[in-house]
Structures are given as C-alpha cells and as structure tokens.
1. Taking θ as phi - 60°, what are the ³J(HN,Hα) couplings along region 352-368 by the Karplus curve (6.51, -1.76, 1.60), each to the nearest whole Hz, with x for Gly and Pro?
2. What is the distance in Å between the Cα centres of region 403-424 and region 88-121?
3. Among the listed pairs Lys68/Lys278; Lys68/Lys120; Lys48/Lys167, which have their C-alpha atoms separated by more than 23 angstrom in this model?
4. Val234 to Leu27: FRET efficiency via 1/(1 + (r/R0)^6), r the Cβ-Cβ distance, R0 60 Å, to the nearest 0.05?
5. Please give the contour-minus-distance gain from Asn389 to Thr143: 0.36 nm per residue of separation, less the Cα-Cα distance, rounded to one decimal in nm.
6. I'd like the Karplus ³J(HN,Hα) series for region 151-157: coefficients 6.51, -1.76, 1.60, θ = phi - 60°, whole numbers in Hz, and an x wherever there's a Gly or Pro.
7. I'd like the FRET efficiency for Ile318 and Leu414, computed as 1/(1 + (r/R0)^6) with the beta carbon distance as r and R0 of 22 Å, rounded to 0.05.
8. Just to confirm the filter: which GluC sites (Glu not before Pro) across region 92-166 are DSSP coil and have at most 13 other Cβ within 10 angstrom of their Cβ?
Amino acid sequence: MLFAIQTLQLGVKSLFLHPLRSLLTVLGIFIGVASVIWLLAIGEGISKKAQEQIENLGADNIIVRSVKPPNEVLNQGSQGRGMQIPEYGLTRADFARLSETIPTIIAAIPVRGLRETFQKGRRKVDGRLVGCTPEYIDVARLTLFEGRFINDNDNREAQDYCVLGSKTAELLFPYEEPIGQLVRIGQNYNFRVIGIMKERAPSAGIGGSFAAQDYAYDIYIPLNTLRTRVGDTVVVRRTGSMEGETVQLSQITLKIDKSEHVMESSELIKMTLQDYHKYEDYGVTVPLELLEQAKTTRMMFNVFMGMIAGISLVVGGIGIMNIMLATVTERTREIGIRRALGAKRGDIVRQFLIETVVLSVVGGGLGVIVGLTCRPVTMLMMAAIKKANPNLIMSLPAIVREIEPIIVYWSIPLAFFISVVIGVVFGLYPAVRAAKMDPIEALRHE
C-alpha cells in the first residue's frame, strides 16, 4: 500500500515538473468528456420536445386531414370552362362513414379551419377560424383562461358565439374585458365572445399530412355555425384575379378504443377513404407510429452524437500517448538510474501508467463538472442571442427555440470510465517502451 502511494506521489510530482504540458494534455480528455455529456444532453432535449409534441396528439388517436393536391391535378378537365373552384379533402360523408363502419372508433371529432381576418373597431388580426365541436378542446389539449368553450347546444342551434385564442384576445382587446363583446369575422358576421383560451405552445409540422399550428391566433366557433355563415366554398379576391376552393372538413380526429388497435384501424381508415377519393387529397397521421419512430430516432441520434464526442476522447488519448512518448525520451537517464538501483520493469510500467491515469482522471473529472453546466449555459446563451438578435431566434424552428438540454445521467460514468480506459490504453505503449530500455544504454543517454 505504501509503495503504491509513493508511486502515485512520484507520478504526480513528475507531472508538476511540466505544468503547461500536463495542462494541455488534460485539456484533450476534458473536452472529450464534456462533449459526450453536452451532445447527449442536447440530443435528449431535442428528442424529448419532439416526443412531447407527438404525445400531445394522443397515442390512441388517428388524425385524418385534408391535403390539397397539386394544381395540375385539381385543374384536369377544367380548361376553357371559366373560373373553376376545385373541391377536395374530407367530406361529411367520410365522417359518417368512418364513424359508423369501423367498430374500434369510439369517438370522432370533425374540424373545419380556414384563414380569416378578425376585427374589433380599428384593430385587426389575421388568424385561423376554427369550426369545431365541444370535444375539440380536449383533443387539441387546450385550456380555458376565462369564460366557457362552445357546447352541444351552441353547435346544434348554430349560435354566433366565439372563443378567442390568447394572442387574438390580447390584440383585439388590449384595454377591455373581451367576454360579452362582439368581434367581426370576415366582412359580414359579428360573433359574441364567450371565452378566452390560455396560451398554448405551437405544434410542429409532422410530415406532409400534418401542418404546424399556432393556436394563439385562433378563434373557435361552432362547426354548424361555420357551415351556415361561411359555407364550404371560400373565394379569395386578389388584384385582377379570384381564387377559391371547396372543403367540407379540414380534419377528423378519431379516438380508438385501445392502443393495440391503432395500427389495424389506421389501415382500415386508409382502405375506406381510398374507395371514395379519386386522388389522394387526405393524409393519415398515426401519433403512436410516429412516437415509435421518434424513440428509434432518439436512440440512433444519441449513438451518433456519442460517436462524434467519442472522437474527441480518442484525440485526447492520442495527445496523451504523444506527450508520454516525449516524456520517456526526456527521462531516459532517470529510467536507467532507477533500473540500476533495482527497479523492475513492472515498476517502470506502473510509474508511467499512473501518470497517464492521473492525467485522464483529472481531465475526466473536469469534463464531468463542465458537462453538468450544459443546461444553464445553453439557456444563458439562448437568452443572450435572443436579446442581441431576436430575428435570428424567431427564424429557428420552435423545437430549437424552446430546447432545454436534459442530462443523460448514464453518460457521466460512461464518459469518465472511457476517459480512464483511454488513458490506460494510450499510456500503455509509452510505459512498456520505457520499461524495455536497456539500463546501460539508458545511463549513457545524454
């Protein structure tokens, strides 16, 4: 035990003879360990955000959305007939057909959404007008801030009631209470405000069948009211031209009785819709399938990030070997004297290995400490960039703007262990080379 302590003291003392060189050697291991922890933490944060957005769609839900086909498909056969208003997407017949024919569906929620201008006095807001049923508040994971949401009676009687999104309420009514006030939607209709929603984070776009949504600028009205007041056909007049389209439903969210039936039900839904649509003007999103894909992607992403960070550790190990080889050359005479005084080859190997292990342990320890600062440092950097260049931050995807690194705790002992192993592996050759020196030749070395 005493011998081991003396050997350790000798190794540390040898490192302190060249503090700058030892510090630079430690830096390679330090960067490698910190990189492993930081990259895995950032990857975990991004993956978790993506999974949360998918989970918000509901693992036992299937979402069917209207998708506009290319114009050349919609305009087939319309040449020479004047202005044509293309009709595409989901229909009320699709809604009834899916609800009645697929036994695993326990609830179906129809939605119709379109871009519209909302006005109160001189204040205007461009947002999304959503015709929906009372169940939509649960499907979209919305929360009321004040008032109430639309109910079955509102929908059945096509009442002119509306519920405002958080930003819509803030911009239209900056100084007054919105509940009970009238809001003009489009050019012709006034709706009475009955509720205000709490702020909800935007959802990211998922594939080609699920567009990104910012709920803050929405206004919700009963679905039957939208059909009665606006209709299925919307015509937009621009300078010198008119454009229009006919869409009955923008989205149908289907709730399945058991998660085990989700994949089977999605295939039945696709087969049912194929028989009644001459071209593919709909998209089927299965959150459960996306969630499984996200988990697989997360594993692959973590492995990839770990490999990149691992390269830094290998580079640090090469640095250790390089320095220790130079040290062996410098200390050739010392090695010869120790061998002449009775030191065995094993003693020489242990001495140099201890030096490399000390370098690796110090570098690994510092790397772990800095790695644990990943979250606060990242948040401070994002805040500083946001303050200095807010446009740059707003141009980034929401999933990047809201990133919160999550420390992968198994990465800490793993990175530290790998740093020690690399120290041993890359320090072994210089140690063995030192031990194999001929004592007489080493004593002659100048």
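FYI, it's all coordinate maths here, none of it is from the lab. Source: prediction; values computed, not measured. Cβ coordinates were reconstructed from backbone atoms using ideal geometry, including for glycine residues, and neighbour counts include every protein chain displayed.
1. So the Karplus estimates, Gly and Pro as x, are 6, 5, 4, 4, 5, 5, 4, 4, 5, 5, 5, x, x, x, 5, x, 5 Hz.
2. 49
3. Checking Cα-Cα distances, Lys68/Lys120; Lys48/Lys167 exceed 23 Å.
4. 0.45
5. Taking Asn389 through Thr143 to full extension adds about 85.4 nm, to one decimal.
6. Karplus values, whole Hz, x for Gly and Pro: 10, 4, 5, 4, 6, 5, 9.
7. FRET efficiency, Ile318 to Leu414: 0.60.
8. Glu157
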